[in-house]
Every structure is written in structure tokens, then in C-alpha cells.
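The next block holds one structure in the form of C-alpha cells; read it before the comments.
Readers should treat all values here as calculations from the given coordinates under stated rules, not as data from a laboratory. It should be emphasised that the depicted structure is a prediction, and the values quoted were computed from it without experimental measurement. With ideal geometry, Cβ positions are generated from the backbone for all residues, glycine too; neighbour counts draw on all protein chains shown.
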Ligand code: HEC
């Protein structure tokens, strides 16, 4: 993470989710958009604007932050639903350890629609590649 500015703006970017079916206020535990082409497209751009600077372009980690393709690794998670739950906990709460922000919380910054769109995009990135 030596040069975090290399992969885009450090300020969280708003994501246009107007093309996606709205999800309402209740948090889903499983991705309602899995495999949806529009969600994948929106998620690709949202990932690049908000996550790539730490987790790597095209979801290939440089090694310092977790490689998020492991969300698709059957050795790590029982199934996609379990990985979805872990993903949502992290993206909403971030990672704050002893007061240090390793990853900022995205709840209140990204909509639930944007979060699941990002999850849909990560789903397309195969761990074996
Ligand atoms: C400022 C850097 C930074 C940004 C931006 C960031 N993350 Fe993270 N993320 C981290 C770090 C560091 C960890 C590991 C934290 C830990 O050790 O508990 C992490 C952990 C995670 C995890 C848990 C992975 C695991 O294997 O435990 C997920 C899921 C995740 N991030 C998703 C995202 C998504 C999606 C975005 C964009 C919306 C994002 N992160 C943006 C730094 C970042």
C-alpha cells in the first residue's frame, strides 16, 4: 500500500445504481443480484473506484491486503451465501483495529445496491486464474 493514490481517488465515490432493482431498507444476507449482467457492470466500476486502491486492480491483491477472490474459493467458504455474509460484514463495518482504520466502513457511504453490485463483480473473478 505504498502508493495508495496510484489506483484512483481516495475519497469514496458515489455509485449510480439507478439501473438496478431497489432493495429497500432491510439488509439482505445473500446477494440478490448474483450473475446479473447489469449488477456486474455497475460493480466493476464501483470496485475500481472504491476498493481497487487497496485490494488491487481486477481483484488481484498485491499481497498486503486480503485477495478478495478468496470469497469464491471453496476451501475458504462453505458456499456463496456464507461468503456473502462475511463480505457484507466487512464492507459495512470496515476493519478498525485498536483505533486504526485499516479499511474504512462503507455503511452510509455506499448503498446496499452498490455493495451487492460489487459482490457480483467479485464473483466473476475466479480464484484459480
Ligand atoms: C484503505 C484500504 C482499503 C479499502 C479502500 C478497502 N479495503 Fe477491504 N480491507 C482492507 C484491509 C487492510 C483488510 C484486512 C483487514 C484485517 O486484517 O482484518 C480488508 C479486508 C476486507 C475484507 C475481508 C477479507 C478477508 O479475507 O478477511 C473484505 C470482504 C473487504 N475488505 C472488502 C472491501 C471492499 C468490497 C472494498 C470497497 C468497497 C474495500 N474492501 C475497500 C483495506 C481496504
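Quick notes on this one:
- When segment 34-126 is reduced to its Cα atoms, the Kirkwood hydrodynamic radius in Å: 13.4
- Each helix, a run of at least 4 DSSP H residues, gives -39500 (n - 2.57); summed and divided by the residues of the chain, these come to -10500 deg cm²/dmol at 222 nm.
- Virtual paramagnetic centre 7 Å along Cα→Cβ of residue 23, amide N under 11 Å, in segment 31-45: 31-34
- Highest-MSF residue in the chain out of 59, 17, 96 [GNM, Cα springs under 10 Å]: 96
- Residue among 118, 64, 97 with the largest mean-square fluctuation in a Gaussian network model of the chain, springs linking Cα atoms under 10 Å: 97
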